[in-house]
Amino acid sequence: MAEIRPYRPSDLDALYHICLATGASGADASSFYKDPKLVGHVYAAPYGIYSPESALVVEDEEGVGGYIVGVPDTRAFEARLEADWWPALRKIYANPSGRYGDLGWDGRMQRLINRPQITPDPVVEPFPAHLHIDMLPRLQGRGFGKALIDRWLELMRGMGARGMHLGVGWANERAVRFYRAYGLDQLELAEYPGALWFTRRFADDPVSGPRST
C-alpha cells in the first residue's frame with residue numbers, strides 16, 4: 001500500500017536521497033557524485049524548505065519513495081534562493097573554473113550553485129509555475145506519477161498560477177515519454193538545443209475549464 005500526502009519537514013532527507021537515486025536521467029547517480037547532497041541542494045531541498053505547501057510525497061511501507069516539488073511563481077522563487085539559499089552554499093562550494101560541459105558531476109552542480117540557471121522569459125512568462133518530480137523504481141509504473149501531477153496542478157490553480165512548465169533533457173527518454181503521455185504541451189527553444197520544455201496552460205486544462213479562443 002502507498003499513499004500520496006503533503007510534504008513534512010521530516011521528509012527532507014528523503015528528498016535528498018530520491019533526488020540522488022534518480023539523478024542520472026532517471027537512473028541512480030550515487031556512483032557519479034563524490035558529494036551525495038550536491039544534486040539535492042540544487043533540485044530538491046530548497047523546495048521542501050521554502051515552499052513546503054506546494055510539495056507532495058508518495059509513502060509506502062518502506063518509507064517515502066517519490067515526490068513532486070515546485071512553486072507557483074518561478075521568478076519569486078529564484079529571487080528567494082538568491083537571497084536565502086545560495087549564499088551559504090557558496091561558502092562551501094567554490095565556483096569551478098572551465099566550461100560547464102567540461103565539468104564533472106560535482107563540478108556541474110557547484111557551477112549551478114554559484115551561477116544558477118535562470119528560466120528563459122519565453123517559458124516563465126506564460127507558464128510561471130514549475131515542478132520537479134522523481135520516483136524510486138519500486139513506485140514507478142503504478143500510476144503515482146500521474147496522480148502526483150494531478151494533485152499538484154490542483155494546488156497551483158488554487159494558488160492562482162495561470163500555467164506551469166518543467167524542463168527535461170532529451171536523454172531522459174522515460175521522462176519524455178511520460179510527459180507526452182500525460183498530455184503536456186511541448187515547447188522547444190533554439191537557444192537550448194539539449195532541453196525540452198513541457199507546459200500546461202491551466203485555461204487549457206479540462207479540469208479548470210474550456211480552451212479559450
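The values are calculated or read from the model by the stated rules, or taken from the named source; none is laboratory data. A quick note: this is a predicted structure, and the numbers were derived from the prediction, not measured. Side chains are part of the model used for accessible areas, which takes the heavy atoms of the whole protein and leaves out ligands, DNA and RNA. Shrake-Rupley method; radii C 1.70, N 1.55, O 1.52, S 1.80 Å.
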Pick out which of G101, G70, G23 has the largest mean-square fluctuation in a Gaussian network model of the chain, springs linking Cα atoms closer than 10 Å. G101
Hey, any idea what % of segment 69-140's accessible area is carbon plus sulfur with a 1.4 Å probe? 54 percent
Evaluate segment 139-193: find the radius of gyration of its Cα atoms, find its Kirkwood radius, and give the ratio Rg to Rh. 1.00
Relative contact order of the chain, please, whole-number percent, based on alpha carbon pairs below 8 angstrom and at least 6 residues apart. 20 percent
When 1/r is averaged over all different Cα pairs and the result inverted, which Kirkwood radius in Å belongs to the chain? 17.8 Å
Accessible area of W105, 1.4 Å probe, to the nearest 10 Å²? 100 Å²
Output ³J(HN,Hα) for segment 118-133: one whole-Hz value per residue in order, computed from phi by the Karplus curve 6.51 cos²θ - 1.76 cosθ + 1.60 with θ = phi - 60°, and x for Gly and Pro. 9, 4, x, 4, x, 8, 6, 5, x, 10, x, 7, 8, 9, 10, 9
Might you tell me the accessible area per residue for the chain, computed with a 1.4 Å probe and given in Å²? 51 Å²
Straight-line reach from K91: which lysines have a Cα under 25 Å away, not including same-chain ones fewer than 8 places off? K34, K37
